[in-house]
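S.K.: Following this message is one structure expressed as structure tokens.
The values are calculated or read from the model by the stated rules, or taken from the named source; none is laboratory data. No experiment lies behind these values; they were computed from the predicted model shown. Ideal geometry is used to build each Cβ from the backbone, glycine not excepted, and the neighbour counts take in all protein chains shown.
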Amino acid sequence: MSEGGSISAPLGERAYGVHRTLPPVLAVFELPRILWEHRELVKAMARRSLKARFRGSVLGLLWPLIHPFCLFWIYLFVFSRIFPSRKDFFASELVLLGDVSQVLRDNYYFAVYLFSGILAWTAFGEAVHRNAQAITGNGNLIKKMAFPSEVMPLAECLATLAIQVFGTSVFLGFMFVGGLWPAPGPAQLLIWPILLVLQLVFTYGLSLIVGTLQVFLRDTDHILGVLITFWMFLTPIFWSPHIEALQGYVGYFEWNPMFHLIQAYRNVLIHPGCDWLSWEAWRPVLVFAGVGLGMLWLGVWFFQSKRKRFADEI
Amino acid sequence: MNHAIEVRGLSKKYKSYPTPGHRILEALSLGQRSFHREHWALRDVDFDVAKGSALGIIGANGAGKSTLMKILSGTTFQTSGTFACHGRVSSMLELGAGFHAEFSGRENLIMNGIMMGYSRREMLEKFDEIWEFSELGAFIEEPLRTYSSGMAMRLGFSVAVAVDPEILIIDEIFAVGDMHFQKKCIDKIYEFRERGKTILFCSHSLYDIRQLCDQALWVRDGRIARHGDATLVTNEYAAFERALDIDAKAVVEGDLPAAPKGAKEQHPRITEVRVYRPGSEEECRECSPGEALDVAVSYENPDPSRYPIHIGIGFLRSDQTLCIANSTQFDGVAVPGESGTAVLHIPRLQLLSGTFVVFCVILDGPGIHRYDNRMAKQDLVVLSRERNLGLFAQDHRWKIEVAREVGPIS
């Protein structure tokens, strides 16, 4: 490009080494390269996003540990003292636990059950909701620095994922204390990072979509607030899909990608009887992986096809 | 291939919608209806910047300068046209664009560097150098929210100039810190120049443009109004802006005390004012310093015995500065007769670039009362072809004496 004087390429693209060659619909294939080239930036932004949440607070990075710790006791209290005993729930769930006699503290188990679902959901919901502002909230960067803008939603996703990892360590502590450890065998835990990656892929794809939508429709953020709450209740976090009354609806739940993810997490984290050599155990993982990759492709496509207009619209 | 930047037919269109709802309506109509207004911020802009040269960009607010800078730095995208930058570009569109108030100066400094494409390790290596340049001292460890705006800018500038680009795009960022730091900034930019970097520099300070740039580009309403030697273009731009700004004619009216009323009919009056080059009949609209110029004032004075008169001719810059005035009274020249023409001959015009109102007055004998006044029909535009600054040319020459080195006494 430096010789010959042809001026075909829009060189603003290259200013900071953001070199794109593929059309938006295929851009997902060069995403790994771009992210790898800017890995320092991704790392720094994710770290900053994480730090920024706790910056200025006295306990700082202890908060992602304290928060789930308190949450657990709240669940335990609410579901053991305030709500009546959930016989129907346990009847279905305890079957999956195998040896029922080990789990006499029903309410404790219920709290663990909620906890296992809420960890992933919180990270997902928070990342998507926050990423509605990923572009509009960083207007200054988008307008004033040539910058691979796809890094920003990713950084936010990584930050919430880190908090989920903190939370999971607290969760495993409660499993241990409650005598439920090793519900997941150590080998099962090896599947857990795979789920984290798949969750990241799906969350990132969706984040790219909402972040882009927000640029053109500022109501997106508010709509999301409602939708994410609604979605949460449609996902088996506070209820179990195994209870008798819901058996006729399982086919509908299948349409919810997060249903599969939460099922997979529970298979890894709290269902000791889960047989990882069976198709049944892997099915939610594979389904979610498929949906996740599809979402990523869609997100990158949408984002890249609108990216050039960001600076003009914010 | 000597061009660092080549721009061809660059255009940028913005759409503006009356309300956000109209955007949705337009999207939903699938191209059937249109609810936006179009605004062309840039229209068919062509220019080249030679390698190692500096191009200044000037123009009024909203003329399209910033849009041009943003497209060239890659933060926004052209609607049509192409451009090429041959070499690594670094742009300073805004200092400290990525700063976060809760983080310390150190953290922001490193983060900003990473955003510009450096690795963390590189930034850690450069840290001391940048810190020293910023002169922030111990404040570097304090969160940015405790900084004054000047300090934040200093930090931003220090990071921005730590880069080693081949092409530097700077958008009006010199209002940085105190005088001392501003000087440092300018020096730093000069240093880039001397190292043979290509610079694209947008500023409202015509002085800085003239000093720093070889060429200037005047952008007006999204188009290039003039592109050429920095001194010429800035002068022309300045003249144009002044003419727009101020209605100087209103000022002249109130300048001198008016003659007593009631005697209007017999008053001496000015019938015509003409500005022309000697030997030419044509009104002179534009001229250059050093040219000869005549100003002719035709007058009528029905009763010269009762009203002895004097004639004054002045040049008023459109920002209301009286640049020079000559009067027959000061020079001891009589203006007799019932009518006539007084010609002020200027063998060498000493005025430098600007737009000037030529105005004439008829005064009474002692030069106190004004009987009549009149402006030349057109303002006189003086365009300087040489590099100079200020209002007037003056005869001058330089003499440099090099101090002799004093050896040790013993």
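S.K.: Got at least one residue in segment B:310-323 being more than 30 Å from B:E236 (Cα to Cα), more than 38 Å from the chain's Cα centre (by Cα), assigned by TED's automatic domain parsing to the domain that holds B:C360 and β-branched (V, I, T)?
M.R.: No: segment B:310-323 contains no residue that is more than 30 Å from B:E236 (Cα to Cα), more than 38 Å from the chain's Cα centre (by Cα), assigned by TED's automatic domain parsing to the domain that holds B:C360 and β-branched (V, I, T).
S.K.: Continuing with this model, one more query. Can you spot a residue in segment B:42-58 that is assigned to a loop (DSSP other than H, G, I, E, B) and within 24 Å of A:V215 (Cβ to Cβ)?
M.R.: no
S.K.: Related question: Quick check on segment B:1-35: of everything there that is in a loop (DSSP other than H, G, I, E, B) and within 12 Å of chain A (Cβ to nearest Cβ), which residue is nearest to B:S53 (Cα to Cα)?
M.R.: Selected residue: B:N2.
S.K.: Restricted to segment A:140-165, and to residues that are modelled with pLDDT under 90 and hydrophobic (A, V, I, L, M, F, W, C), which residue is surrounded by the fewest Cβ atoms within 10 Å (Cβ to Cβ)?
M.R.: Only one residue tops the list, namely A:L141.
S.K.: Taking segment B:104-127 as the search range and keeping residues that are at the interface with another protein chain (Cβ under 7 Å from one of its Cβ atoms) and surrounded by fewer than 20 Cβ atoms within 10 Å (Cβ to Cβ), which one is farthest from B:L10 (Cα to Cα)?
M.R.: If we take residues in segment B:104-127 being at the interface with another protein chain (Cβ under 7 Å from one of its Cβ atoms) and surrounded by fewer than 20 Cβ atoms within 10 Å (Cβ to Cβ), then B:R120 is farthest from B:L10 (Cα to Cα).
S.K.: Tell me which residues, restricted to segment B:59-78, are buried (at least 19 other Cβ atoms within 10 Å of the Cβ), of a type outside the set (A, V, I, L, M), more than 7 Å from chain A (Cβ to nearest Cβ) and not in a helix (DSSP H, G or I).
M.R.: B:G59, B:G64, B:Q78
S.K.: Let me ask you something else. Can you tell me which residue in segment B:307-343 is surrounded by the most Cβ atoms within 10 Å (Cβ to Cβ), limited to those that are touching an Asp or Glu at 6+ places or on another chain (Cβ under 8 Å) and small (G, A, S)?
M.R.: Result: B:S318.
S.K.: Okay, next question. Which one of these is touching a residue at least 24 places away in the same chain (Cβ under 8 Å), within 30 Å of A:L35 (Cβ to Cβ) and touching a Gly at 6+ places or on another chain (Cβ under 8 Å): B:V89, B:V45?
M.R.: Exactly one of B:V89, B:V45 is touching a residue at least 24 places away in the same chain (Cβ under 8 Å), within 30 Å of A:L35 (Cβ to Cβ) and touching a Gly at 6+ places or on another chain (Cβ under 8 Å), namely B:V89.
S.K.: Checking the structure you have, find out if any residue of segment A:98-111 is touching a Leu at 6+ places or on another chain (Cβ under 8 Å), modelled with pLDDT of 85 or more and not β-branched (V, I, T).
M.R.: no
S.K.: Might you let me know whether segment B:38-58 holds any residue that is closer than 30 Å to B:Y147 by Cβ and of a type in the set (A, V, I, L, M)?
M.R.: Start the filter on segment B:38-58 by keeping residues that are closer than 30 Å to B:Y147 by Cβ, which leaves B:57.
Next, only the ones that are of a type in the set (A, V, I, L, M) stay: B:57.
Yes, segment B:38-58 contains at least one residue that is closer than 30 Å to B:Y147 by Cβ and of a type in the set (A, V, I, L, M).
S.K.: Quick check: is even one residue across segment B:103-112 farther than 19 Å from B:F133 by Cβ and in a loop (DSSP other than H, G, I, E, B)?
M.R.: The answer is yes, given that some residue of segment B:103-112 is farther than 19 Å from B:F133 by Cβ and in a loop (DSSP other than H, G, I, E, B).
S.K.: Something else about it: For the subset of segment B:129-146 comprising residues that are over 32 Å from the mean Cα position of the chain (by Cα) and in a loop (DSSP other than H, G, I, E, B), which member is farthest from B:F103 (Cα to Cα)?
M.R.: B:L136
S.K.: Filter segment B:95-116 down to residues that are in contact (Cβ under 8 Å) with a residue 40 or more places away in the chain and either in contact with a His (Cβ under 9 Å, 6 or more places away or on another chain) or basic (K, R) (or both), then give me how many there are.
M.R.: 1
S.K.: Let me ask something else. Only one of these conditions is not met by A:S169: (1) in contact with a helix residue (DSSP H, G or I) (Cβ under 9 Å, 6 or more places away or on another chain); (2) within 30 Å of B:M69 (Cα to Cα). Which number is it?
M.R.: (2)
S.K.: Of all residues in segment B:211-264, which are among the basic types (K, R), modelled with pLDDT under 80 and surrounded by 13 or more Cβ atoms within 10 Å (Cβ to Cβ)?
M.R.: Passing the criteria: B:R242, B:K249.
S.K.: Suppose we keep only residues that are among the small types (G, A, S) and over 28 Å from the mean Cα position of the chain (by Cα) within segment B:90-103. Which one would you say is nearest to the other protein chains (Cβ to nearest Cβ)?
M.R.: Keep residues of segment B:90-103 that are among the small types (G, A, S), which gives B:90-91, B:96-98, B:101.
Among the residues that remain, those that are also over 28 Å from the mean Cα position of the chain (by Cα) are: B:98, B:101.
Details: B:G98: 5, B:A101: 10 Å.
Among those that are among the small types (G, A, S) and over 28 Å from the mean Cα position of the chain (by Cα), it is B:G98.
S.K.: What's the total number of residues in segment A:142-159 that are in a helix (DSSP H, G or I) and either within 11 Å of another protein chain (Cβ to nearest Cβ) or not acidic (D, E) (or both)?
M.R.: Qualifying residue count for the region: 11.
S.K.: Please state which of the following conditions B:E141 fails to meet, knowing it meets all the rest: (1) surrounded by 18 or more Cβ atoms within 10 Å (Cβ to Cβ); (2) in contact with a strand residue (DSSP E or B) (Cβ under 9 Å, 6 or more places away or on another chain).
M.R.: Against the list (1) surrounded by 18 or more Cβ atoms within 10 Å (Cβ to Cβ); (2) in contact with a strand residue (DSSP E or B) (Cβ under 9 Å, 6 or more places away or on another chain), B:E141 comes up short only on (1).
S.K.: Assuming B:I346 fulfils every condition listed in (1) in contact (Cβ under 8 Å) with a residue 60 or more places away in the chain; (2) closer than 15 Å to B:S288 by Cβ; (3) crowded, with 16+ Cβ neighbours inside 10 Å apart from one, which condition is it?
M.R.: (1)
S.K.: Still on this structure: Considering only segment B:126-171, state which residues are in contact (Cβ under 8 Å) with a residue 60 or more places away in the chain and on the phi > 0 side of the Ramachandran plot.
M.R.: If the condition is that a residue be in contact (Cβ under 8 Å) with a residue 60 or more places away in the chain and on the phi > 0 side of the Ramachandran plot, then no residue fits.
S.K.: Between a first residue in segment A:29-40 that is assigned to a helix (DSSP H, G or I) and a second residue that is of a type in the set (G, A, S), which pairs have beta carbons less than 9 Å apart while being 6 or more apart in sequence or on different chains?
M.R.: Matching pairs, first to second residue: A:I34/A:A27; A:E37/A:G17; A:E40/B:G117; A:E40/B:S119.
Yes/no per residue for (1) at pLDDT below 90; (2) within 26 Å of the chain's Cα centre (by Cα); (3) more than 25 Å from B:Y237 (Cα to Cα):
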position	(1), (2), (3)
B:P18	yes, no, yes
B:R23	yes, no, yes
B:L42	no, yes, no
B:G64	yes, yes, no
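S.K.: In segment B:36-46, is there at least one residue being within 7 Å of chain A (Cβ to nearest Cβ) and among the aliphatic types (A, V, I, L, M)?
M.R.: So far as segment B:36-46 goes, no, none of its residues is within 7 Å of chain A (Cβ to nearest Cβ) and among the aliphatic types (A, V, I, L, M).
S.K.: Let me confirm something: among B:G81, B:G56, B:G87, which residue is more than 9 Å from every other protein chain (Cβ to nearest Cβ) and on the phi > 0 side of the Ramachandran plot?
M.R.: Going through B:G81, B:G56, B:G87 in turn, the sole match is B:G81.
S.K.: Kindly establish whether B:M153 is among the hydrophobic types (A, V, I, L, M, F, W, C) and within 14 Å of chain A (Cβ to nearest Cβ).
M.R.: When the stated conditions are applied, B:M153 passes them.
S.K.: So how many residues does segment B:264-306 have that are in a loop (DSSP other than H, G, I, E, B) and either in contact (Cβ under 8 Å) with a residue 24 or more places away in the chain or not assigned by TED's automatic domain parsing to the domain that holds B:F356 (or both)?
M.R.: Looking only at that region, the number is 15.
S.K.: Would you mention how many residues in segment A:17-63 are under 28 Å from B:H86 (Cα atoms), of a type in the set (D, E, K, R) and at the interface with another protein chain (Cβ under 10 Å from one of its Cβ atoms)?
M.R.: Going through segment A:17-63 one residue at a time, the tally reaches 3.
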